[in-house]
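Enquirer: A single structure is presented below for examination.
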Amino acid sequence: MTDNIIEKDRDPLILGGHTFTSRFILGSGKYSLDLIHAAVEQADAQIITLALRRANEGGLANILDYIPEHVTLLPNTSGARNADEAVRIARLARAAGCGDFVKIEVIHDTKYLLPDNTETVKATEILAKEGFVVMPYMYPDLNAARDLADAGAACIMPLAAPIGTNKGLCTKDFIQILIDEIDLPVIVDAGIGRPSQACEAMEMGAAAIMANTAIATAGDVPAMAHAFKLAIESGRQAYLAGLGRTLDKQASASSPLTGFLHD
């Protein structure tokens with residue numbers, strides 16, 4: 001590496017006072033258990049989400065057995081329909097030994113699965129006061145993001161597209177507003193379907209990417225996890241380097257148009 005290329009350990013992601021060198025958060029909701037370990041290794045992920053109800057799958061296998069010990073667990077409140085349910089799930093996860101990190105998901109819309117920002121703010125305020133590192137999943141709305149910051153969120157996690165759709169950065173303009181205006185890490189969550197889309201989000205200034213469906217539904221899960229890892233790292237380097245200018249109304253030659261050879 002040359003001196004002007006920033007190494008990951010000199011560009012950490014900091015969440016609730018905890019330091020990470022990876023900016024890839026891996027979801028586990030749609031994986032078969034035997035692929036979890038391989039996906040984590042290929043993604044170089046240091047945070048992985050899990051639903052509390054998946055901690056034990058039918059009494060036959062425990063997802064925690066497939067996650068390397070160095071990886072931080074991020075239990076989510078999947079299934080919560082209001083703030084009270086989210087708080088109860090978070091407390092159960094901590095009591096079960098999953099640590100202080102929690103991803104707040106409050107969803108009562110069963111068709112589009114859009115998060116309820118109002119209830120998410122309520123849950124965030126309660127849990128932040130209890131010492132949780134709260135990472136709220138939210139619809140990208142500036143006012144809600146400000147409320148989450150005031151409530152003690154460690155970051156905000158706006159959706160790029162409806163969860164599980166792999167449609168990409170459908171809310172790109174709104175996410176950019178959050179990146180520009182909120183003094184918290186912005187982690188793009190839900191809807192990212194391709195490594196190129198993850199790279200684009202990182203080029204915008206996103207702090208990290210959370211992905212699940214795009215990897216879990218790929219033909220080769222570990223290979224796709226590795227592709228996302230490379231895309232996220234590339235996008236971060238491009239953002240730090242400063243993207244080149246864009247010209248809307250004219251072209252600009254990259255080589256001189258004068259000084260040609262003459263007979």
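The values are calculated or read from the model by the stated rules, or taken from the named source; none is laboratory data. Because the structure is predicted, anything quoted here is derived from the model rather than measured. Neighbour counts are summed over all protein chains in view; Cβ atoms, including those assigned to glycine, are modelled from backbone coordinates with ideal geometry.
Enquirer: Among the residues of region 9-25, is any modelled with pLDDT under 80 and either in contact with a helix residue (DSSP H, G or I) (Cβ under 7 Å, 6 or more places away or on another chain) or within 30 Å of Leu240 (Cα to Cα) (or both)?
Expert: Checked region 9-25: at least one residue is modelled with pLDDT under 80 and either in contact with a helix residue (DSSP H, G or I) (Cβ under 7 Å, 6 or more places away or on another chain) or within 30 Å of Leu240 (Cα to Cα) (or both).
Enquirer: Restricting to region 9-51, name every residue that is more than 20 Å from Ala231 (Cα to Cα) and of a type in the set (D, E, K, R).
Expert: Lys30, Asp34
Enquirer: Looking only at region 159-189, which residues are more than 19 Å from Phe20 (Cβ to Cβ) and either in contact with a Phe, Trp or Tyr (Cβ under 7 Å, 6 or more places away or on another chain) or of a type in the set (D, E, K, R) (or both)?
Expert: Leu159, Pro162, Lys167, Lys172, Asp173, Asp180, Glu181
Enquirer: Considering only residues that are under 15 Å from Ala83 (Cα atoms) and either in a strand (DSSP E or B) or in contact (Cβ under 8 Å) with a residue 40 or more places away in the chain (or both), which ones fall in region 133-169?
Expert: Matches in region 133-169: Val134, Met135, Pro136, Tyr137, Met138.
Enquirer: Could you check region 111-132 and list, in sequence order, the residues that are within 12 Å of Ala90 (Cα to Cα), part of a helix (DSSP H, G or I) and either in contact with a Gly (Cβ under 6 Å, 6 or more places away or on another chain) or of a type outside the set (Ser, Thr, Tyr) (or both)?
Expert: Correct list: Ala123, Ile126, Leu127, Ala128.
One line per residue, one yes/no per condition, for (1) in contact with a strand residue (DSSP E or B) (Cβ under 7 Å, 6 or more places away or on another chain); (2) over 23 Å from Ile209 (Cβ atoms); (3) buried (at least 16 other Cβ atoms within 10 Å of the Cβ):
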position	(1), (2), (3)
Val121	no, yes, yes
Ile126	no, yes, yes
Glu130	no, yes, no
Val134	yes, no, yes
Ala144	yes, no, yes
Leu169	no, no, yes
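Enquirer: Also, I was wondering about something else. Taking the options Ile187, Ile215, Ile192, name whichever one is at pLDDT 95 or above, buried (at least 20 other Cβ atoms within 10 Å of the Cβ), out of contact with any Asp or Glu (no Cβ under 7 Å at 6 or more places or on another chain) and not aromatic (Phe, Trp, Tyr).
Expert: Sole residue among the options that is at pLDDT 95 or above, buried (at least 20 other Cβ atoms within 10 Å of the Cβ), out of contact with any Asp or Glu (no Cβ under 7 Å at 6 or more places or on another chain) and not aromatic (Phe, Trp, Tyr): Ile187.
Enquirer: Let me ask something else. Is it the case, given these coordinates, that Asp100 is in contact with a strand residue (DSSP E or B) (Cβ under 9 Å, 6 or more places away or on another chain) and surrounded by fewer than 22 Cβ atoms within 10 Å (Cβ to Cβ)?
Expert: Against the criterion (in contact with a strand residue (DSSP E or B) (Cβ under 9 Å, 6 or more places away or on another chain) and surrounded by fewer than 22 Cβ atoms within 10 Å (Cβ to Cβ)), Asp100 qualifies.
Enquirer: Another question about this same structure. What pairs come up if the first residue lies in region 65-79 and is farther than 14 Å from Gly97 by Cα, the second is exposed (fewer than 15 other Cβ atoms within 10 Å of the Cβ) and modelled with pLDDT of 90 or more, and their beta carbons are under 9 Å apart, counting only those six or more places apart or on different chains?
Expert: Cβ pairs passing all conditions: Thr77/Arg88.
Enquirer: Quick check, is Val71 touching a helix residue (DSSP H, G or I) at 6+ places or on another chain (Cβ under 7 Å) and over 21 Å from Thr19 (Cα atoms)?
Expert: no
Enquirer: Looking at Ile209, Ile215, which one is touching a strand residue (DSSP E or B) at 6+ places or on another chain (Cβ under 6 Å), of a type in the set (A, V, I, L, M) and closer than 15 Å to Phe24 by Cβ?
Expert: After applying the criteria, what remains is Ile209.
Enquirer: Taking the residues in region 234-247 that are surrounded by fewer than 19 Cβ atoms within 10 Å (Cβ to Cβ) and closer than 15 Å to Cys199 by Cβ as candidates, determine which candidate is modelled with the lowest pLDDT.
Expert: The qualifying residue modelled with the lowest pLDDT is Leu243.
Enquirer: Pairs needed: first member in region 217-235, closer than 18 Å to Asn166 by Cα; second member anywhere, modelled with pLDDT under 90 and among the aromatic types (Phe, Trp, Tyr); C-beta distance under 8 Å; at least 6 residues apart or different chains.
Expert: Between residues of region 217-235 that are closer than 18 Å to Asn166 by Cα and residues that are modelled with pLDDT under 90 and among the aromatic types (Phe, Trp, Tyr), the close pairs are Val221/Tyr31.
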